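These notes concern the structure reproduced below.
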Amino acid sequence: MYSEKVMNHFKNPRNVGEIENADGVGEVGNAACGDIMKLTIKVEDNKIADVQFKTFGCGAAIATSSMVTELVKGKSLDEAENISNATVAEALDGLPPVKMHCSNLAADALHAAIENYKKKK
Amino acid sequence: MKGIYMDHNATTPVHPEVIEVMLPFFSEHFGNPSSIHWAGREVKKGIETARESVASFLKCDPKEIVFTAGGSESDNLAIKGVCDALKDKGNHIITTSVEHPAVLHTCEYMEKQGFQVTYLPVDMDGMIRLEDLKNAVTDKTILITIMFANNETGTIFPISEIGKIAKERKITFHTDAVQAAGKIPLDVNALNVDLLTISAHKLYGPKGVGVLYVRKGAKMKPMIHGGGQERNRRAGTENVTGIVGMGKACEIAMRDMDAESERLLNLRERLHKGLTRKIEHVKLNGHPSMRLNNTLNVSFEYVEGESLLLNLDMDGVAASSGSACSSGSLEPSHVLTAMGLPHEVAHGSVRFSFGSSNTEADIDKIIEIMPPVVARLRAMSPLYGKSLNPSVERTTAVCQH
Ligand SMILES: Cc1ncc(COP(=O)(O)O)c(C=O)c1O
Ligand code: FES
């Protein structure tokens, strides 16, 4: 059901964890419906210097979280803001249709973290 | 790698002895059982022998057995057929909120046809209260349909007592015994049932064949019209190989059930104890004692079921989950939510259902692979520990479950 890339990221998720004293925190989803993603970022020179995630969700949710951290690491904030759920899903060679909303979660968490950073500044 | 199959409530492999009795009916004994010539007669005999085997399995008259295309069809026939026959007497059905979709969705369909349905609630153990049933009965109640054992949690309902209540009020009583068959002894008279559903593929028979027991004198209209097969209760040339296989599966279940049931109970307890000893925050879903010997449904809190199943699958273990994420429909299990489980706990549920192929070595393997998997997923979970930051505003709009 999942592509090899999804399974690869699911088995070996990159950048798991939580950055202490993060510059931006994005948390989306809700415990009542069961899926939660938390993304923390470190920003230097307007670039995402470090990023880590924690996710409670299905295989696709974990893989998209991992992929989004890979995609944005080292990118400028502007570039990162342009990453959409479709970008993440494509980078994983696609997701099953019922799992597309899990990739929303990843993109939303990223955008929330950037917004949170900008608000703090 | 030999896989460990822990999903026997979903389906079972066909028993070799069952395959053996089916084989001659594909091409050697191929006749139409309704034909009067020799080719039909020998096939007819095969069907009637199977009917007798099922009848002795359920302790009823062979004439009370209707062969169908499976558990779902039997449930549909029972509910639609009884409602059709009794619609002049009343329009009220009583069932539970934890039935299999074959009953639940049929009841919802009957509501659209103008019937009224009461869905009895369950408590935290997934058990109904007989008081609730008694209170739900009205003078318009024509049918009670309540499952024998729940497919997700294994919780066993007091069918005999429910049947007594139905009998006193002269209400037709159907039970879906698909999960009970082969795991607990069935006796339609002791159970006080008028109709009872079983399905061959849950007891080491072939898929696509089932039985509806219909008590002599019970009012039921047919659903499939055509030839006069099955005493006009289910038209269509019989699924001969399936029926013959189902008969044999019932014979084997009668022969092996006692010993096997005991063995599975030991395996189930071994797994439950092993998991709770090695992993924190493991919650049993289902009744602690009134439960099928082969079913263990547990929630691993703070982790999600689909990612657990994927990990188990990588180690060759096949199980199932009530998590919304693994359901395709993105709805969490209606059984677990009816029991009052919070969504995130329902999300972490895994059902292990045991069967003939399972050994102590399988159980020990699962007890060994589960703790690191759960630990890894918990380390990744924002719900575990104190990592949730209450000061961060969370968007809830993205929740699509
Ligand atoms: C309790 C229960 N009823 C009915 C069914 C449906 O049986 P079948 O698959 O033969 O249609 C099942 C099987 O999933 C079941 O577990
Ligand atoms: S997180 Fe629930 S379906 Fe992906």
Query raised in the report: If the cut-off is a Cα-Cα distance under 16 Å, which aspartates and glutamates reach B:Lys283, setting aside same-chain residues fewer than 8 apart in sequence?
Result: B:Asp123, B:Asp125, B:Glu152, B:Glu269, B:Glu301, B:Glu304, B:Glu344
Requested in this report: Kyte-Doolittle cut-off -1.0, length cut-off 18 Å along the helix's own axis using Cα: show which whole DSSP H helices in chain A pass.
Outcome: A:59-72, A:100-120
Query raised in the report: Using the Cα atoms of chain B to build a convex hull, what is its mean projected area in square nanometres?
Result: 21.9 nm²
Query raised in the report: How many angstrom separate the Cα center of region A:61-112 from the Cα center of region B:121-174?
Result: 49 Å
Query raised in the report: How many times 2.2 N^0.38 Å is the alpha carbon radius of gyration of region B:16-253?
Result: 1.01
Report summary line: Computed over region A:4-120, the distribution of all Cα-Cα distances in 5 Å bins, rounded to whole %, is 2, 14, 26, 26, 19, 10, 3, 0
Query raised in the report: For A:Lys42, which lysines qualify as cross-link partners when the Cα separation must be under 18 Å and same-chain residues fewer than eight apart are set aside?
Result: A:Lys54, A:Lys73, A:Lys75, A:Lys118, A:Lys119, A:Lys120, A:Lys121
**Report entry** Protection proxy ranking, peptides B:32-44, B:333-345, A:105-117, B:66-78, average beta carbon neighbours within 10 Å, highest first
**Finding:** B:66-78, A:105-117, B:333-345, B:32-44
Report task. Determine Rg/Rh for region B:41-97; Rg is computed over alpha-carbon atoms and Rh is the Kirkwood hydrodynamic estimate from the same atoms. Result -> 1.10
Report summary line: The number of Lys pairs in region B:1-154 whose alpha carbons lie under 20 Å apart, excluding pairs fewer than 8 residues apart on one chain, is 11
Query raised in the report: Relative to the longest principal axis of chain B, what angle (0 to 90°, nearest 10) does the C-alpha long axis of helix B:240-278 take?
Result: 20 degrees
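At a 10 Å Cβ-Cβ cut-off, how would you order B:Ile159, B:Ile243, fewest neighbours first?
Values: B:Ile159 23, B:Ile243 28.
With the sparsest Cβ surroundings first, the list reads B:Ile159, B:Ile243.
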Query raised in the report: Using the alpha-carbon atoms, what tilt in degrees (0 to 90, nearest 10) does helix B:305-314 show relative to the longest principal axis of chain B?
Result: 80 degrees
Requested in this report: Please state the charge dipole magnitude for region B:194-267, taken about the Cα centre, from unit charges on C-beta atoms (+1 on K and R, -1 on D and E), reported in debye and rounded to the nearest 20.
Outcome: 460 debye
Query raised in the report: Bin by bin, in steps of 20 Å, what percent of the Cα pairs in the protein assembly as shown do you find, going until the bin that has the longest distance?
Result: 21, 44, 27, 7, 0
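The numbers here are math on the coordinates, done by the rules we state, and not lab data. Just so it is clear, the model here is predicted, and its values are computed rather than measured. Note that we place each Cβ from the backbone using ideal geometry, even for glycine, and neighbour counts take in every protein chain shown.
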